[in-house]
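Q: Following this message is one structure expressed as structure tokens.
The values are calculated or read from the model by the stated rules, or taken from the named source; none is laboratory data. These numbers were taken from a predicted model, which means no experiment stands behind them. In this analysis, Cβ positions are derived from the backbone assuming ideal geometry, glycine residues included, and neighbour counts consider all displayed protein chains. Side chains included, ligands, DNA and RNA excluded: accessible areas come from the protein's heavy atoms. Shrake-Rupley method; radii C 1.70, N 1.55, O 1.52, S 1.80 Å.
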Amino acid sequence: MFNKTTSPTFKNFGDLIYENISFDYESKFLFKNKSIKTLFLVDRNDLFIKVIKGVVMILVSSDGNTLESFIINRTLNLKKVFILILFVYDDCEIKISCDSKDLKSINLKEKYTYKNISPSLNINEIYTKFYQEKGLNYNFPGETHPYWELTYVDKGFLSTTVDDKKYELKQGDLIFYAPLQFHTQSTLDSSSSYLTINFNMDFNHHELLCNKVFTLQRDSYFIVSKLIEELSSNSIYSNDLSLCYLKQLIIQTLRLENSYFQSKPTTHMQQTYENNLINEIIKFIDNNLYEKLSVDTLCRHFCISSSMLHSLFKNNMDNTVKNYINDLKLNKSKELIKNSTYTLSEISEMLGFSSIHYFSKKFKSNFGISPTEYSKSIYD
């Protein structure tokens, strides 16, 4: 996430100017290169920067080594620091109250490259969608086509050959066929129910998805169920959601393939039970956020052991119970601070923190600034 220059942490590098000022001397600078090896040293205390149009990022450093980035949203008066300016949006214009000759340049040890947030893969269209139920000894002799295909086994077993290599898929398994990749499918001595989707995708790393069977993990079951639901729906924007869920499923699969930790596969029945239980627990926490919630409170209310509760959160939320509750309370505190109805001490007490000092410590640990600093920053 980006910080703005109105963030309290920017005060280490300069001040914000809220009134309109006219520069005694101004120079227009163009920094269109997104990959830069040079920093500029500001060796004066009255250098002003103003954005005329566009989105502009400034990188600042006190020592010329550690860089911090901010989006400029006010006129700046910089201290003696090292700076680097990047145009996030191409059509930008800025003014600086000095000549380029007044700025001394130094080389970075490593080149800094700004990376746009842009997709690595893009699904343009879903061509066909089938939920198929095949009995014993079904045999599809094979085909090849110029688009991607996904097959997900919902029940039973499915055998497939891809480029003359045989793969066995069981319930919860997923396989991808790349464009022009020959493949067959058969059930042999077991019935099978499976989802097949043919789609157009821009993706250059075929080797990450092809010629392997993926066993879905807990967090992917929900995505598949929502994908099937939207593919079968005529609701408004269901097509858009289908594309989103398909892309999410593929990204989750790629992350699974490239992660060092993989949680154990689970059965549909077990996952359905855990989904329902964790949803009820989360709903209970939301409805009782102003209470002093604890592991014991939740265990008593839902008649489960502490080990089961911890396992539920670890496997399904990738978090501990205590951290999850604290995160919710701290996010709620930000809402309350924005509303300006209560003092920080009242908010701390309302949300069940043991003291204002503990609340401030946890708030700063989570968000990087104190509640007081946050309260001031949201009105700048």
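Q: As I understand it, the dipole of the chain uses +1 on the Cβ of Lys and Arg and -1 on the Cβ of Asp and Glu, about the Cα centre. Which of F70, S220, L174 lies farthest toward its positive end?
A: F70
Q: Follow-up question, since we're still on this one. Just for the Cα atoms in the chain, what are the lengths along the principal axes, largest first, rounded to whole Å?
A: 85, 55, 41
Q: Kindly provide the trypsin sites (Lys or Arg not before Pro) of region 284-374 that DSSP labels as loop, not H, G, I, E or B, and whose Cβ sees at most 13 other Cβ atoms within 10 Å.
A: Those satisfying the criteria are K292.
Q: Here is a further query. Let me have the 222 nm mean residue ellipticity of the chain computed from DSSP H runs of 4+ only, each contributing -39500 (n - 2.57), with the sum over all residues rounded to the nearest 500.
A: Value at 222 nm, helices only: -10000 deg cm²/dmol.
Q: Now a separate question. Taking 0.36 nm per residue of separation and subtracting the Cα-Cα distance, what length does fully extending E110 through N211 add?
A: Length difference between fully extended and current span is 32.6 nm.
Q: Now, a different point. If each of Y127 and I282 carries a label point 7 Å out from its Cα toward its Cβ, how far apart are those two points in nm?
A: 3.6 nm
Q: In debye, nearest 20, what is the charge dipole magnitude of the chain about its Cα centre with +1 on Lys and Arg Cβ and -1 on Asp and Glu Cβ, if you could check?
A: 1120 debye
Q: Please compute the net charge surrounding Y131, taking Lys and Arg as +1 and Asp and Glu as -1 over other residues with Cβ under 14 Å from its Cβ.
A: Local net charge: -1.
Q: Computed FRET efficiency, Cβ-Cβ of K292 and I21, R0 51 Å: what is it to the nearest 0.05?
A: Between K292 and I21 the formula returns 0.50.
Q: Viscosity 0.890 mPa s, temperature 25 °C: give me the Stokes-Einstein translational D for region 146-264 in µm²/s, with Rh taken as the Kirkwood radius over C-alpha pairs.
A: Result for D is 164 µm²/s.
Q: Under a crude label model (7 Å from the Cα following the beta-carbon direction), how far is S355 from S340 in nanometres?
A: 3.0 nm
Q: Separate question: Could you give me the ³J(HN,Hα) list for region 16-21, computed from phi with Karplus coefficients 6.51, -1.76, 1.60 and θ = phi - 60°, whole Hz, x at Gly and Pro?
A: 9, 10, 9, 8, 6, 10
Q: May I pose another question? Name the residue from G142, L249, N3 whose Cα lies farthest towards the positive end of the charge dipole of the chain, charges +1 on Cβ of Lys and Arg and -1 on Cβ of Asp and Glu.
A: Farthest towards the positive end: N3.
Q: With no solvent and one equal point scatterer per Cα, compute the Debye intensity ratio I(q)/I(0) for region 82-217 at 0.12, 0.14, 0.15 Å⁻¹ and report its log10, rounded to two decimals.
A: Evaluating at q = 0.12, 0.14, 0.15 Å⁻¹ gives log10 I(q)/I(0) of -0.59, -0.70, -0.77.
Q: Hey, another quick one. Return the long-range amide H neighbours of N73 (sequence gap of 5 or more, or a different chain), with a cut-off of under 5 Å between placed amide H atoms.
A: Here the answer is T5, T6, since their amide H atoms fall under 5 Å of that of N73.
Q: Using Cα pairs closer than 8 Å and at least 6 residues apart in sequence, work out the relative contact order for the chain, in percent.
A: Result for the chain is 12 percent.
Q: For region 166-247, with all protein chains present and a 1.4 Å probe, just round the carbon and sulfur fraction of the accessible area to a whole percent.
A: Here it works out to 52 percent.
Q: Pairwise over distinct Cα atoms, reciprocal of the mean inverse distance: report the Kirkwood radius of region 54-135 in Å, one decimal place.
A: 16.8 Å
Q: Now a separate question. Can you find, among F313, T187, L328, the residue farthest towards the positive end of the dipole of the chain? Put +1 on the C-beta of Lys and Arg, -1 on that of Asp and Glu.
A: Highest projection toward the positive end goes to L328.
Q: Right, something else. GNM, the chain, Cα, under 10 Å: largest mean-square fluctuation among K129, K109, K80?
A: K109
Q: How much accessible area per residue does the chain have, counting only protein heavy atoms and a probe of 1.4 Å, in square angstrom?
A: With the other protein chains kept in place, the chain gives 57 Å² per residue.
Q: Given the options I21, I36, I325, state which has the largest fluctuation in a GNM of the chain using a 10 Å cut-off (strictly under) for Cα springs.
A: I21
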